[in-house]
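Notes for the one structure printed next.
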Amino acid sequence: MTPANPKLKNRIGESLSGAQIIWEALVREGVEVCFGYPGGAIMPAYDAMIQYPVHHVLTRHEQGASHMADGYARASGQVGVCIATSGPGATNLITGIATAMLDSIPMVCITGQVPSALIGSDAFQETDITGCTIPVTKHNYLVTKPEQIAPTIREAFYVARSGRPGPVLVDITKDAQQQSCVFEWSDDEIVLPGYRPDYAPLPEQLEEAVALIKAAKRPILFAGHGIIKSQATDAVIEFVEKTNIPVACTLLGLGGFPATHPRNLGMMGMHGETWVNKAIQDADLIIAAGMRFDDRVTGNLKTYAQNAKKIHIELDPAEINKNVWVDVPIVGDVGEVLADLLPHVEQCDRSEWLDYIDEIKGDSAVRDIKNLPDLGKLYAAHVIHDIYRFTEGKALVVTDVGQHQMWEAQYYKHDYPRKLLTSGGLGTMGFALPAGIGAKFAQPGDSVWVICGDGGFQMTQAELSTCAQEGIKVNVAIINNGFLGMVRQWQEFFFGGRYVATPLLSPDFVKIAEAHSLTGIRVEQRSEVEEAVRVAEATEGTVVIDFRVEQEDAVYPMVPAGANLHDMIQRPAAPNQDHNPIFETGEDE
Amino acid sequence: MTRSVKRTFAVFVEDKPGVLNRVASLFRRRSYNIDSLNVGTTHEPGVSRMTIVCDADTDTARRIEANLYKMVNVLWVDDITHKQTIDRVLALIKVNCDRDQRDEVLKICEVFRARAIDMSPDRITIEITGARDKVEGLVSVLKPFGILELVQTGTVAMTRGVEKHDLAHPTVPASRNDAA
Ligand SMILES: Cc1ncc(C[n+]2csc(CCOP(=O)(O)OP(=O)(O)O)c2C)c(N)n1
């Protein structure tokens, strides 16, 4: 548990208002910053806030508040907190809550509710927010009495961060905030009779896994988001270095195992690399660690990894056999399970299998856009690869949803956990800027890069104003292709090239930045990318870079939705290889 | 994969507002089709018991269980489908029945161990408790008389033995037999 904030006076035993108790509880749970937006039903809480050592970030929309809390949680591993009023304030949080739910992000959302006497009367700004959020929260609470506030908030933090984490909403009526009671706080361990998140692996299943690993000739290890959540990076590295089992990452697993580690093959799935998906289809053993076989990584389940036995290491028993039928389930913390397995697995060089993968990799690498000439055009993949090079792979990158998200995953190599934040499960456009702001509050020392499309940026661009008001710095790279790019790509591939509702007129993003007294830069040539990145890094305050990239570029390779994992649309073959600016300058990795 | 069969779950939950909504919402959201759901208090203060009947194969049943366990207010789940159980439905059936038909209807009630609980010159109301197929049997026999109204509970079920509510994690799935 976090030690109580030293700036907090001890007021246990005093009579406090419910509003004060909210902050007493939040501060005792370690909260230093929260993101929110006031309104009638939460005003008592806001009024009491100034007595407490909590920094409140006023967002421009409650969706921004929930994404910021989410970004804060992803970047720090701590519980993120957002706060909003009843009715529209609460419903505006929902997109951010659902985003956090699908990616298992620990978050506590505090909402005001109409006075308890008015509940059920369709009072002004009354919404049944606990009812609305049952399917998108890990749990939620309606609190109508001041005495319930402290224990409920404590329980909410415990539920949010324990087991498979998730968002928890606490709805507090206005009268509960206004009334007073004696403040009590207990630091005892929380025991909920119906909630037992602590699964330990069964010894016989560990033994079965060891036997499968021993027998395997072509094993592959999947590194999912669970690796990052369980802080299992070192455990994976040790396991992999002993067994020489190659690793494929999910989108949310990127950074959980270093991208530049020789055993890391790269990302799997819909826009995963050809050789990774091929290796999966050819594998005789899959060790899936902290991932859930999402449809975006499996493609057609009937033909998925048919030759492979499957070991599934997962904290949530409800994920076992949900999409893919596994041979040996191991329910437990992935770091602990890998550490348990480590002494029992054999050292092995696996040269045959690794050579085979290298061979299929060689064929794809020549198609890699990173290795292609720019021919005077600005390609998004080049921009992102350049951002990677000029930030030396050390930035904390937050991406939005669409083509740029996939290019980022392919061309920004993440060697460290919690340095790529992206909405994987829900695929929420508008996530990047607010989540980036939240991440910056969590990791003020990091260089935060928000990479987004022209579409997604405009969904939450109002939060630039939050950056300006808070005086915080993120670098925003808008990959501006004049289209809702990913949808346009699907229209090109699967809808006869009919670009319905995807061409997008945007404002002048440089002027938008300037209107907020922030710095705006426009980049139209490859040669200007480095300068722009360096200026952005050196400039105080938030910088927006409008990268005017090729409009009708597509993300390759691609497994169409529901197709077989091995039936990928390949990158087109290389045009003219001799002008390769990256090779010529020798600047590539 | 095994075949889908009717499954019965005994689900013990905290007796708190909204819990029924949460459980129902889980079934709806995951598209598990509920046949019937019954809920009532138990002898233990603060604990309610649900009997949920739905169609599911073995894997789905296990995931239903695991998903129920993920809910903070769910205390204990028992898939009693293949256990020795007592299952009961209660139905009230109001049928057309004039004086001449009365004897016949009452005889039918006797055969089904149902009881006539209300009567008027032209109709009769019958109460029956029993397994679902017995209730269905009575209904089909009464149909020709003209059923005016019918109400029935969902199944409530209980195992014959004494179940220990241990706190081990019963939802951890087994390995496949052919593994290793
Ligand atoms: C809130 C929301 N609405 C719609 C979508 C569907 N969608 C997925 S990608 C995409 C296009 C994104 O366009 P843009 O932000 O310009 O990024 P690009 O794909 O061009 O990189 C859309 C509309 C979504 N993911 N989220």
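Under the condition of being under 21 Å from the mean Cα position of the chain (by Cα) and more than 24 Å from A:GLU336 (Cα to Cα), the residues counted in the stretch A:269-312 number 9.
With respect to B:ILE108, is the statement that it is of a type in the set (Val, Ile, Thr) and within 24 Å of B:VAL5 (Cα to Cα) true? Break it down into steps so the answer makes sense when it comes.
Details: of a type in the set (Val, Ile, Thr): yes; within 24 Å of B:VAL5 (Cα to Cα): no.
The answer is no for B:ILE108.
Can you spot a residue in the stretch A:283-306 that is surrounded by fewer than 23 Cβ atoms within 10 Å (Cβ to Cβ), part of a helix (DSSP H, G or I) and without any contact (Cβ under 8 Å) to a residue 24 or more places away in the chain? Yes - at least one qualifying residue is present in the stretch A:283-306.
In the stretch B:8-57, the residue that is nearest to the chain's Cα centre (by Cα) out of those that are over 21 Å from B:THR171 (Cα atoms) and acidic (Asp, Glu) is B:ASP35. Quick check on the stretch A:497-543: of everything there that is of a type in the set (A, V, I, L, M) and not in a helix (DSSP H, G or I), which residue is surrounded by the fewest Cβ atoms within 10 Å (Cβ to Cβ)? Ranking the candidates gives A:LEU505 first. Determine, yes or no, whether B:ARG102 is outside any helix (DSSP H, G or I) and farther than 30 Å from A:GLY332 by Cβ. No, not satisfied. Scanning the stretch B:6-58 for residues that are part of a strand (DSSP E or B) and surrounded by fewer than 14 Cβ atoms within 10 Å (Cβ to Cβ) yields B:LYS6, B:GLY40, B:THR41.
What residue, of A:VAL191, A:VAL143, A:VAL168, A:VAL159, is within 30 Å of A:ILE313 (Cα to Cα) and in contact with an Asp or Glu (Cβ under 9 Å, 6 or more places away or on another chain)?
Working: A:VAL191 fails: in contact with an Asp or Glu (Cβ under 9 Å, 6 or more places away or on another chain); A:VAL143 fails: within 30 Å of A:ILE313 (Cα to Cα); A:VAL159 fails: in contact with an Asp or Glu (Cβ under 9 Å, 6 or more places away or on another chain).
Sole residue among the options that is within 30 Å of A:ILE313 (Cα to Cα) and in contact with an Asp or Glu (Cβ under 9 Å, 6 or more places away or on another chain): A:VAL168.
Starting from residues that are of a type in the set (A, V, I, L, M) and in contact (Cβ under 8 Å) with a residue 40 or more places away in the chain, keep the ones in the stretch A:151-171 and report whichever is farthest from A:GLN20 (Cα to Cα). So the residue we want is A:ALA160. Evaluated against (1) more than 14 Å from chain B (Cβ to nearest Cβ); (2) touching a residue at least 40 places away in the same chain (Cβ under 8 Å); (3) out of contact with any helix residue (DSSP H, G or I) (no Cβ under 8 Å at 6 or more places or on another chain), A:GLU147 falls short on exactly one condition, (2).
Residue-by-condition table, conditions (1) of a type in the set (D, E, K, R); (2) more than 23 Å from the chain's Cα centre (by Cα); (3) closer than 29 Å to A:THR428 by Cβ:
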| site | (1), (2), (3) |
| --- | --- |
| A:ASN5 | no, yes, no |
| A:GLY36 | no, no, yes |
| A:MET49 | no, yes, yes |
| A:GLY71 | no, no, yes |
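Just one of (1) within 14 Å of another protein chain (Cβ to nearest Cβ); (2) farther than 20 Å from A:ALA248 by Cβ fails for A:GLU319. It is (2).
Does A:HIS385 satisfy the condition of being touching a residue at least 12 places away in the same chain (Cβ under 8 Å) and not assigned by TED's automatic domain parsing to the domain that holds A:SER230? Criteria met by A:HIS385. Quick check on my filter: what residues within the stretch A:387-429 are touching a helix residue (DSSP H, G or I) at 6+ places or on another chain (Cβ under 7 Å), closer than 21 Å to A:PHE257 by Cβ and of a type in the set (Asp, Glu)? Selection gives A:GLU408 alone.
Of the residues B:ARG63, B:ARG3, the single one that is crowded, with 17+ Cβ neighbours inside 10 Å and at pLDDT below 95 is B:ARG63.
Outside any loop (DSSP other than H, G, I, E, B), of a type in the set (A, V, I, L, M, F, W, C) and within 16 Å of the ligand (Cβ to nearest atom): does that describe A:VAL337? No; evaluated as a whole, the condition is false for this residue. Taking the numbered list (1) in contact with a helix residue (DSSP H, G or I) (Cβ under 9 Å, 6 or more places away or on another chain); (2) assigned to a strand (DSSP E or B); (3) polar (S, T, N, Q) in turn, B:THR125 passes all entries but (1).
List the helices (runs of 4 or more DSSP H) that sit entirely inside the stretch A:376-487 and contain at least 3 residues that are within 10 Å of the ligand (Cβ to nearest atom). I'd like the intermediate steps shown before the answer.
Details: elements: A:380-390, A:403-411, A:432-442, A:454-460, A:463-470.
It comes to A:403-411, A:454-460.
Name the single residue that is nearest to the chain's Cα centre (by Cα) among those in the stretch A:423-460 being surrounded by fewer than 24 Cβ atoms within 10 Å (Cβ to Cβ) and polar (S, T, N, Q). So the residue we want is A:GLN443.
The values are calculated or read from the model by the stated rules, or taken from the named source; none is laboratory data. This one's a predicted model, so the numbers in the text were calculated from it and none came from an experiment. Cβ sites come from the backbone with ideal geometry, for glycine too, and all protein chains shown count toward neighbours.
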